[in-house]
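Visitor: Okay, here's the structure, questions in a sec.
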Amino acid sequence: MDIETSTVREITSATDVVPTGGALGAEVRNIDLKSLDDTSFAALLEAFHRHSVLLIREQHLTDQDLIAFSRRFGDLDFAPIQENGRRFVEGLPEIYIVSNVKVNGEAIGSLGAGEAVWHTDMSYLDTPPIASALYALEIPPVGGNTSFCSMYAVYDALPSELKRRVADLKIKHDGTYNSGGFVRQGVTPTDDPRTSPGAIHPLVCTHPASGRQMLYLGRRRNAYLVGLELADSEALLDELWSYVARPEFAWEHVWKVGDLVIWDNRSTMHRRDPFDDHARRIMHRTQIKGTERPR
Ligand code: OGA
Ligand code: MN
């Protein structure tokens, strides 16, 4: 490649990544995820680590295309079994469906039409997924927006006294309930955070790709700060969570059909607004497998 071409390419990729203006997130424009060459993918990956969430609009992806694109980030998890005990897509265990749609009285996906509260995906595992990619096939006319929050920004905003208090703590990430409040397959529900099943991770983690520190909260329900009296754990968690919902740390995405959003599942949390259950919302999702424990 001569110098002129490489300059043009750099400028092109720089202008094609458009930050949301919020604490996190960027839109990558003018790309087709089905035919991304290695150079463009490298630029996309760099943007992903810089902005934590990427939006790519106007895609036309089959499940196989979604799987092929997602695999470029790493090995994929198989989707967890649904609340009703079924697999989402026969023959494609990598695809998870988020939907309220019912066929013959049976939900085709997870999470219904209610609110999905702030969470990060599957942090109750010892090695949680690196990222999740969500692709919009059908979208309700209003509602069902997804918000993301930067856990770098949340950590940075803590007063230094609070940073000192949390520095060496460990947190149990509950595995009982999903973000829609449904009990996970095969789990006996319990509401004692000290004894509920889940993985224990450092409360403050360092992101392996960026080297930046982040607060790793996972989700509020049944969370427990290991070794503390329950009341003290609850009080400190409430204090930390009071930083989460601040608009200056978040970005809200209003979906259109054909949007793909991929989020860093370690440096961000997400939530979803409820929507009218008479409307249809169908999203297909993949999850990139974790390779190491948070530390
Ligand atoms: C998810 C999730 C929210 C949404 O797929 O992990 O939380 O907007 N989805 O559907
Ligand atoms: Mn989620």
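Visitor: Cβ-Cβ below 7 Å, separation at least six or inter-chain, first residue in the stretch 237-260 and modelled with pLDDT of 95 or more, second part of a loop (DSSP other than H, G, I, E, B) and open to solvent by 90 Å² or more (accessible area, probe 1.4 Å): which pairs?
Guide: Matching pairs, first to second residue: Gly258/Glu58; Gly258/His60.
Visitor: Take the residues of the stretch 265-282 that are aliphatic (A, V, I, L, M) and surrounded by fewer than 24 Cβ atoms within 10 Å (Cβ to Cβ): which is farthest from the chain's Cα centre (by Cα)?
Guide: Among those residues, the one meeting the criterion is Ala279.
Visitor: For a quick check of your reading of the model, give me the residue pairs whose first member lies in the stretch 88-101 and is free of Cβ contacts under 8 Å to residues at least 40 places away in the same chain, whose second is in a strand (DSSP E or B) and among the hydroxyl-bearing types (Ser, Thr, Tyr), with beta-carbon atoms closer than 6 Å and at least 6 apart or on different chains.
Guide: Note: pairs meeting the criteria are Phe88/Tyr96.
Each row is one residue, and each column tells you yes or no for (1) modelled with pLDDT of 90 or more; (2) closer than 17 Å to Arg220 by Cβ; (3) open to solvent by less than 20 Å² (accessible area, probe 1.4 Å).
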| residue | (1), (2), (3) |
| --- | --- |
| Thr146 | yes, no, yes |
| Met151 | yes, yes, yes |
| Asp156 | yes, no, no |
| Pro159 | yes, no, no |
| Arg164 | yes, no, no |
| Ala167 | yes, no, no |
| Lys170 | yes, yes, no |
| Arg184 | no, yes, no |
| Thr190 | no, yes, no |
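Visitor: For residues that are more than 13 Å from ligand 1 (Cβ to nearest atom) and of a type in the set (Lys, Arg), scanning just the stretch 283-295, find the one that is surrounded by the fewest Cβ atoms within 10 Å (Cβ to Cβ).
Guide: Here the answer is Arg295.
Visitor: Of the conditions (1) surrounded by fewer than 20 Cβ atoms within 10 Å (Cβ to Cβ); (2) of a type in the set (S, T, N, Q); (3) within 16 Å of the chain's Cα centre (by Cα), Thr195 satisfies every one except a single condition; which number is it?
Guide: Condition not satisfied by Thr195: (3).
Visitor: Also, quick follow-up: I need the full set of residues from the stretch 92-140 which are crowded, with 18+ Cβ neighbours inside 10 Å, small (Gly, Ala, Ser) and within 14 Å of ligand 2 (Cβ to nearest atom), in order please.
Guide: Ser99, Gly109, Ser110, Gly112, Ala116, Ser123, Ala131, Ser132, Ala133
Visitor: Among the listed residues Glu106, Glu90, Glu83, Glu115, which satisfies the condition of being at pLDDT 95 or above and among the charged types (D, E, K, R)?
Guide: Only one candidate passes the filter, namely Glu115.
Visitor: Which of the residues that make up the stretch 19-37 are open to solvent by 30 Å² or more (accessible area, probe 1.4 Å) and farther than 24 Å from Ala250 by Cα?
Guide: The answer is Asn30, Ile31, Asp32, Lys34, Ser35, Asp37.
Visitor: For the stretch 99-124: of the residues being among the aliphatic types (A, V, I, L, M) and near ligand 1 (Cβ under 9 Å from one of its atoms), which is nearest to the chain's Cα centre (by Cα)?
Guide: Met122
Visitor: Going by the conditions given, is Thr206 among the hydroxyl-bearing types (Ser, Thr, Tyr), closer than 25 Å to Phe78 by Cα, open to solvent by 60 Å² or more (accessible area, probe 1.4 Å) and more than 16 Å from ligand 2 (Cβ to nearest atom)?
Guide: Against the criterion (among the hydroxyl-bearing types (Ser, Thr, Tyr), closer than 25 Å to Phe78 by Cα, open to solvent by 60 Å² or more (accessible area, probe 1.4 Å) and more than 16 Å from ligand 2 (Cβ to nearest atom)), Thr206 does not qualify.
Visitor: While we're looking at this one, here's another question. If you go through the stretch 212-230 one residue at a time, do you hit one that is β-branched (Val, Ile, Thr) and in the same structural domain as Leu134 (by TED's automatic domain parsing)?
Guide: no
Visitor: Follow-up. For the stretch 38-80: of the residues being within 18 Å of the chain's Cα centre (by Cα) and farther than 27 Å from Thr20 by Cα, which is most open to solvent (accessible area, probe 1.4 Å)?
Guide: Phe78
The values are calculated or read from the model by the stated rules, or taken from the named source; none is laboratory data. Keep in mind that this is a model prediction, so the values were computed, not measured. Using ideal geometry, Cβ is built from the backbone for each residue, glycine included, and neighbour counts are taken over all protein chains shown. Surface accessibility is based on the protein's heavy atoms, side chains included, excluding ligands, DNA and RNA. Shrake-Rupley method; radii C 1.70, N 1.55, O 1.52, S 1.80 Å.
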